[in-house]
Structures are given as structure tokens and as C-alpha cells.
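Q: For reference, the structure I am asking about is given below.
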């Protein structure tokens with residue numbers, strides 16, 4: 001048991017204007033029962049995040065990226081460093097989340113008993129009401145995560161539960177799996193990169209799981225779909241996720257995408273939903289300009305160390 005707890009664990013935190021959370025996040029890591037090496041990648045914060053880290057947390061390795069690289073690209077910097085410094089595990093942690101003292105210990109023990117898992121996540125609780133964070137609760141529903149709710153209710157939780165996706169607010173990744181899967185696809189500016197990563201993990205026949213005995217508190221914000229319905233950047237991310245599914249042929253996905261958008265436009269035209277019609281047309285034509293980039297990215301995704309070379 002002691003051997004797994006003595007492994008080298010690198011915690012990677014991407015920060016951006018996180019002054020309101022950073023003390024809670026970083027101070028919680030100091031209380032970890034497992035030693036941690038912490039890296040903060042700051043995406044050009046304009047508040048006091050950088051000064052807070054530099055003055056109050058001298059043990060944290062602070063790297064200023066110089067621009068807002070987004071979640072994926074900034075994390076990739078940390079992932080490369082972890083590989084170069086021979087880390088055994090990397091733990092990706094959101095700036096708006098924080099640990100309990102035994103959070104990491106429970107994850108490492110679960111991995112030791114279940115080494116087929118390439119992503120392990122703790123349970124996400126919300127710091128204000130103490131229950132499951134809303135988004136997390138949607139990942140562990142019965143059709144995605146068998147028996148989780150039933151076992152928790154009956155107070156007979158298993159050590160780990162397999163599921164197809166959990167967001168990257170708190171991921172433990174063994175570095176030997178990281179070398180197989182690679183890093184985050186830079187095609188994604190922000191959001192969607194974790195869904196793509198999970199899809200690629202499953203493509204490599206590597207499991208994803210949640211560990212009930214491990215807990216973080218995550219100050220997740222529930223967003224209304226209407227706020228992103230006509231947001232071109234966010235809708236392009238949905239297209240990227242759809243077309244990046246390397247478990248299906250690209251030709252099939254392209255044809256299905258074009259057919260779906262054509263059928264949608266016809267429907268919107270018939271019912272005179274002009275705003276959505278014009279947006280869908282714009283989205284479709286914009287998506288076409290990314291087809292070559294997506295094709296190239298799909299090829300890279302199948303390689304080891306994808307996006308980290």
C-alpha cells in the first residue's frame with residue numbers, strides 16, 4: 001500500500017482570474033495526506049491571482065503563459081513538464097475546486113486495485129449546498145453509470161464505477177496512460193476538450209471511472225443552454241466533438257453532419273424560424289472551413305503522445 005502513496009504526483013492547475021478561489025484551492029493541497037508537486041499555469045490573469053500564488057504559495061511552481069491559451073493548451077504545458085520530470089501521475093484540478101486531505105490517497109489506492117483505468121475522478125460536491133455538483137450528477141445517472149445511485153442509497157458503494165465521461169475538473173491520469181492517449185487537442189479553444197479526451201481514451205480501450213471514497217468540492221456554475229444556443233464558438237465546439245469521434249469513419253460523420261444540417265434548415269424554413277435558420281446556415285458554412293483541420297486532428301488523435309510531441 002505504501003508504494004503507491006510514495007509515487008510522484010504532479011497537480012496541474014490552469015488559472016485565469018481565479019482570485020476568489022485560489023486560496024481555498026491551493027491551501028487544500030497543503031493538507032493532502034499524499035505529497036504533491038503543484039504547477040499553476042496562469043493564462044494572463046488581470047486580477048491578483050498571480051501575486052497571490054507568488055506571495056502566499058512559494059511551493060507552487062508558477063508558469064505564466066503570456067496569453068489566454070484556454071484550458072487545453074495550458075494544461076498541455078503542464079503535462080509535458082510532468083512527463084519530462086518522470087512523474088508517475090498527473091492530477092488536473094480546476095481553480096474553482098478544492099481537496100480534502102485524503103482525496104488523493106483514495107484515488108491512488110483505487111488505481112492500485114484497478115490499474116485498467118486511465119482516468120479516475122473523485123466525487124464532485126458543491127461547496128454551497130454540499131450535495132452533488134449539478135453537472136457531475138448528470139454523469140452518474142443509471143444509463144451512464146450503472147448502479148451508482150442505487151449503491152450509494154443502499155450505502156454499499158463499490159470502490160470504482162465505470163462511465164463514459166466525467167468532466168476534467170479533477171482527473172487523475174497515470175503517466176503511462178498519458179503517453180498512450182496524449183494531451184488535449186488544441187483544436188478546442190475552450191470547452192469540449194475533455195469530451196474529446198474521454199472519447200480518445202475509450203478508443204484506446206482504456207477505462208474511465210469515479211471513486212466514491214474520494215471527494216472534491218467544485219464551485220460549478222450551471223449555465224442556461226439558451227445563452228450558448230446562438231454562440232458560434234460554442235456551437236462549433238459541438239461540431240468538433242461530433243466530427244472528432246475517431247471510432248467512426250470521417251466520411252460517414254461528414255455526410256451525416258451535412259444531412260442533419262440540411263434537414264434542420266428545411267424545417268426552420270417551413271416554420272419561418274428565421275433567426276435560427278440564418279444561424280444554422282452560418283454555422284454550417286463555418287464548419288466546412290474546419291473540415292481539413294478536423295481530418296488532420298483525427299489522424300493525430302490515433303497516435304501515442306497526441307498533441308504533446
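What follows is calculated from the coordinates using simple rules that are stated; it is not laboratory data. Since we're looking at a predicted model, the values are computed, not measured. Glycine also receives a Cβ, built like all others from the backbone with ideal geometry; neighbour counts cover every protein chain displayed.
Q: Mind checking which of 191, 57, 267 has the largest fluctuation in a GNM of the chain, springs on alpha carbons under 10 Å?
A: Of 191, 57, 267, the most mobile in the Gaussian network model is 267.
Q: Could I ask something else about it? Output the 0 to 90 degree angle, nearest 10, between the alpha-carbon long axis of helix 70-84 and the longest principal axis computed from the alpha carbons of the chain.
A: With rounding to tens, the tilt is 40 degrees.
Q: Additional query: I want to verify a result. In a Gaussian network model of the chain, Cα cutoff 10 Å, which of these has the top mean-square fluctuation: 270, 215, 83?
A: Highest fluctuation of the listed residues: 270.
Q: Taking only Cα atoms, what is the 0 to 90° angle, nearest 10, from helix 193-203's long axis to the longest principal axis of the chain?
A: 90 degrees
Q: What ranking of 185, 151 emerges when the number of other C-beta atoms within 10 Å of each C-beta is taken as an exposure proxy, fewest first?
A: 151, 185
Q: 222 nm [θ] for the chain, helices only, -39500 (n - 2.57) per DSSP H run of 4+, per residue, to 500?
A: So the calculated ellipticity at 222 nm is -13500 deg cm²/dmol.
Q: Still on this model: In degrees from 0 to 90, rounded to the nearest 10, what is the angle of the helix 103-113 Cα long axis to the longest principal axis of the chain?
A: Rounded to the nearest ten degrees, it is 80.
Q: How big is the gap, in Å, between the Cα center of the stretch 104-164 and the Cα center of the stretch 25-69?
A: 27 Å
Q: Given a 10 angstrom Cα cut-off, can you work out which residue in 183, 192, 131 is the most mobile in a GNM of the chain?
A: 131
Q: Which order do 271, 184 fall in if you start with the one that has the fewest other Cβ atoms within 10 Å?
A: Going from sparsest to densest Cβ surroundings: 271, 184.
Q: Could you list 269, 26, 69, 107 in order of exposure, starting from the residue whose Cβ has the fewest other Cβ atoms within 10 Å? Intermediate values should be presented prior to the final figure.
A: Numbers: 269 13, 26 25, 69 21, 107 28.
Neighbour counts put them in this order, fewest first: 269, 69, 26, 107.
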